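Structure, as structure tokens:
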Amino acid sequence: MAGRVLLAAGALLALSGCAGWQNMLDTASADSSHVAWLTILFTILLVVIWAAVMVAVFVARRGRPGRELHDPLTIDPGFDRRTGYVVGSLVAATLVVVLVLTGLSYAGQRRLFGPREEAVTIRVTGHQWWWEVRYESQDSSRSFTTANEIHIPVGQPVNFKLNSSDVIHSFWVPSLTGKLDAITGRENQLRVTAERPGVYRGQCAEFCGLQHAHMGILVVAESQEEFERWRDGQIAQARQPEDDERRQGLAAFAAGPCAMCHTIRGTNAGGKIAPDLTHVGSRRYLAAGALPMSRGNLAAWIVDPHSIKPGVNMPTIKLSPDELNAISAYLESLK
Amino acid sequence: MSRRILLLLLVPVLAACQREEREYRANPIASETRETVALTALSPGGNEPVVATSGKGRDYENNAYHLSQGKRLFQWFNCSGCHAPGGGGDIGPPLIDDKWIYGASIEQIVQTIREGRPNGMPSFRGRVPDDQIWQLAAYVRSMSGNVPSDAAPTRADHMHPGPSESRRPVSPPIAGGDVPPGGQAPQ
Ligand SMILES: [Cu+2]
């Protein structure tokens with residue numbers, strides 16, 4: 001018994017872990033507030049009902065001393081009527097509760113998925129095991145592709161168009177929105193307005209293979225000016241290498257297998273099947289949240305991606321130490 | 001008693017695990033494998049040509065993981081652009097039939113991909129790691145039904161004409177073949 005109590009207390013402690021950058025109760029948008037509010041309401045209401053049922057079961061089981069069991073063969077219209085009332089009112093109460101909760105969820109859905117204005121349109125494509133992010137614009141010269149890190153302006157409605165290139169993934173940034181699946185051959189839309197600046201972590205929420213757990217995404221909500229500055233930077237082509245080491249890095253990158261898969265805009269590397277590396281150095285994390293960005297981690301990733309994300313779709317490539325050094329230096333400089 | 005028999009019956013199931021074995025980190029990494037192959041069955045003096053293969057090819061052909069990776073790479077590296085998405089042939093010759101200009105063994109196909117071929121097949125040496133070349137070659141063999149059907153891919157990520165690779169009839173290879181349209185065009 002004491003062990004159980006201790007366990008329950010331990011579980012309570014776990015709740016205090018509910019702060020931080022990936023938390024659906026610590027909301028940063030109206031949409032996730034609806035969801036959080038519904039969650040809390042459901043939890044309280046259902047706990048109350050559960051407790052009431054438990055109490056009723058206890059009372060019924062213990063019975064009242066000295067009271068005889070009702071003999072089912074005798075006819076007692078008073079007892080039948082009372083039983084009828086009790087059962088009838090319980091059924092009615094259940095119906096009311098179910099209807100009210102369904103209605104509230106429905107209203108929440110309407111608010112989440114109803115038509116709204118949008119300031120920024122972002123196409124997010126799930127891949128095993130990273131996110132391709134494409135900012136769409138009427139003016140095609142202002143459309144661009146990046147990966148794993150999304151920036152959005154605070155207070156502006158943003159429209160995410162979700163899709164997948166292989167299996168089903170699910171886009172989930174708990175502080176900003178509920179989950180929505182990304183499915184091949186289908187476009188799901190999700191609208192989000194961030195209410196305060198911050199860095200919010202998200203996670204693929206549909207099991208999609210070996211590295212599902214390492215398929216994170218980062219949403220950076222910032223002021224309009226900061227967002228515009230970031231967007232202009234991303235639209236630009238990759239900066240030219242400034243010293244010999246980086247020039248050598250670019251040459252090794254473009255000549256080797258890297259260019260079969262990765263694009264660096266403004267160079268010959270134009271592969272379309274892996275994250276766009278044009279501004280990889282400006283991202284906070286590498287490989288969908290697997291490693292913090294740094295020159296050392298870039299080298300570690302390139303030398304052996306499979307020790308960091310076993311089974312990942314980037315092969316181990318034989319490079320000389322000089323090439324490795326030069327490539328990591330070059331990629332880090334792509335701010 | 002019957003339980004023991006059941007357990008015994010389960011033992012052979014373990015043998016099937018080989019088709020699923022996954023080797024993510026190719027070993028030795030990305031260095032070129034040496035296989036001695038000949039492009040013809042002729043050799044002076046009526047002897048067979050000198051051929052020596054390591055048997056590595058079988059590990060790839062019998063393994064479901066390698067074959068399905070090969071299928072994915074066939075699209076990714078745009079083999080499908082020249083040989084058509086299903087391998088039915090376009091600028092490049094069909095890969096689903098029984099005719100082979102440059103040989104049908106997995107070692108010969110590895111050679112074809114690595115070195116390129118004169119009438120328009122690019123050389124992928126240094127652009128695709130060796131391990132992936134083997135995966136591609138194994139997959140090319142599965143297109144004409146020349147790998148075990150329990151290891152061949154059974155599904156595609158996208159629309160797919162005709163039966164899956166695991167249900168293709170076996171087409172025993174015939175040497176020779178037609179010069180592809182790419183080779184007929186003035187170069
Ligand atoms: Cu996933």
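Between A and B, buried accessible area from a 1.4 angstrom probe totals roughly 1700 Å², ignoring ligands, DNA and RNA.
The C-alpha atoms of chain B define a longest principal axis, and helix B:64-76 lies at about 40 degrees to it.
Ignoring lysines fewer than eight residues from A:K335 along the same chain, the ones with Cα atoms less than 30 angstrom from its Cα are A:K161, A:K272, A:K309, A:K318. Near A:S175, the amide H atoms lying under 5 Å from its own belong to A:N23; only residues 5 or more places off or on other chains count, and H is placed 1.01 Å from N. Screening chain A for whole DSSP H helices with an alpha carbon extent of at least 18 angstrom along the helix axis and a mean Kyte-Doolittle hydropathy of at least 0.5 yields A:2-15, A:30-62, A:77-113. Taking all protein chains into account, the per residue accessible area for the protein assembly as shown stands at 55 Å² (1.4 Å probe).
The accessible surface of the protein assembly as shown, taken with every protein chain in place and a 1.4 Å probe, is 60 percent carbon and sulfur. Between A:I235 and A:S165, the FRET efficiency estimated from the beta carbon spacing at R0 = 41 angstrom works out to 0.95. If R0 equals 22 Å, the separation of the Cβ atoms of B:S54 and B:R22 corresponds to a calculated FRET efficiency of about 0.60. Highest mobility in the GNM of chain B, judged by mean-square fluctuation with C-alpha springs under 10 Å and restricted to B:L136, B:L95, B:L39, is found for B:L39. Calculated on the alpha-carbon coordinates, the convex hull of segment A:83-170 measures out at 155 cubic angstrom per residue. For segment A:120-235, the alpha-carbon coordinates run over 39, 30, 21 Å along the three principal axes, in decreasing order.
Take the Cα of A:W37, step 7 Å toward its Cβ, do the same at A:V100, and the gap between the two points is 1.6 nm.
Build a GNM of chain B with springs between Cα atoms under 10 Å apart, and of B:G89, B:G116, B:G126 the one that fluctuates most is B:G126.
For the protein assembly as shown, the 222 nm mean residue ellipticity estimated from helices alone, with every DSSP H stretch of n ≥ 4 adding -39500 (n - 2.57) and the total spread over all residues, rounds to -12000 deg cm²/dmol.
Less than 5 angstrom separates the built amide H of A:S170 from those of A:A182, A:A205, A:E206, all sequence-distant by 5 or more or on a different chain.
Legend: calculated FRET efficiency, B:S43 to A:E195, from the Cβ-Cβ distance at R0 = 60 Å, rounded to 0.05, equals 0.15.
For segment B:66-80, the residues whose amide N sits under 15 Å from a probe point set 7 Å from the Cα of B:R155 along the beta carbon direction are B:68-69, B:72.
The values are calculated or read from the model by the stated rules, or taken from the named source; none is laboratory data. Since the model is a prediction, treat every value here as computed from it, not as a measurement. Reconstructed Cβ throughout: ideal geometry from the backbone, glycine too, with neighbour counts over all protein chains shown. Heads up: the accessible areas ignore ligands, DNA and RNA and are worked out on the full protein's heavy atoms, side chains in. Shrake-Rupley method; radii C 1.70, N 1.55, O 1.52, S 1.80 Å.
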